[in-house]
Amino acid sequence: MQNRDRERIYISKCITDKRKVTIIMKNGYQMRGIIIAQDDLSIEVDERGNGSTSSRNLVYKGAISTIMPTPNNF
């Protein structure tokens with residue numbers, strides 16, 4: 001299995017399960033939220049988890065270091 005396949009499968013599972021995640025960027029910035037969409041180069045993250053368009057961010061996958069589940073107290 002290629003790394004891109006693993007990445008796509010993991011992110012798809014996060015989207016389907018509406019899993020809260022912490023995204024750590026290569027520059028150290030941390031973002032918490034729910035991944036709501038992805039394409040080959042980017043993901044869309046809802047930081048508040050409420051579906052509001054004002055809380056969404058487009059993040060380029062090349063800037064991401066780590067995506068991990070967030071504890072339930074988010």
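Of note:
Condition check ((1) within 11 Å of the chain's Cα centre (by Cα); (2) surrounded by fewer than 10 Cβ atoms within 10 Å (Cβ to Cβ)) across all residues:
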| position | (1), (2) |
| --- | --- |
| Asn3 | no, yes |
| Tyr10 | yes, no |
| Cys14 | yes, no |
| Asp17 | no, no |
| Asp46 | yes, no |
| Leu58 | yes, no |
| Lys61 | yes, no |
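- In the stretch 55-74, the residues that are part of a strand (DSSP E or B) reach residues that are surrounded by 12 or more Cβ atoms within 10 Å (Cβ to Cβ) and of a type in the set (Ser, Thr, Tyr) with C-beta atoms within less than 7 angstrom, at least six apart or across chains, in these pairs: Leu58/Ser42; Val59/Ser42; Tyr60/Ser42; Met68/Thr22.
- Within the stretch 1-36, the only residue that satisfies the criterion of being of a type in the set (Asp, Glu) and either in contact with a Leu (Cβ under 7 Å, 6 or more places away or on another chain) or touching a residue at least 24 places away in the same chain (Cβ under 8 Å) (or both) is Glu7.
Quick note: the coordinates plus some simple rules give every number you see, no bench work behind them. Here the structure is a predicted model, which is why all the values come from computation and not from measurement. Cβ sites come from the backbone with ideal geometry, for glycine too, and all protein chains shown count toward neighbours.
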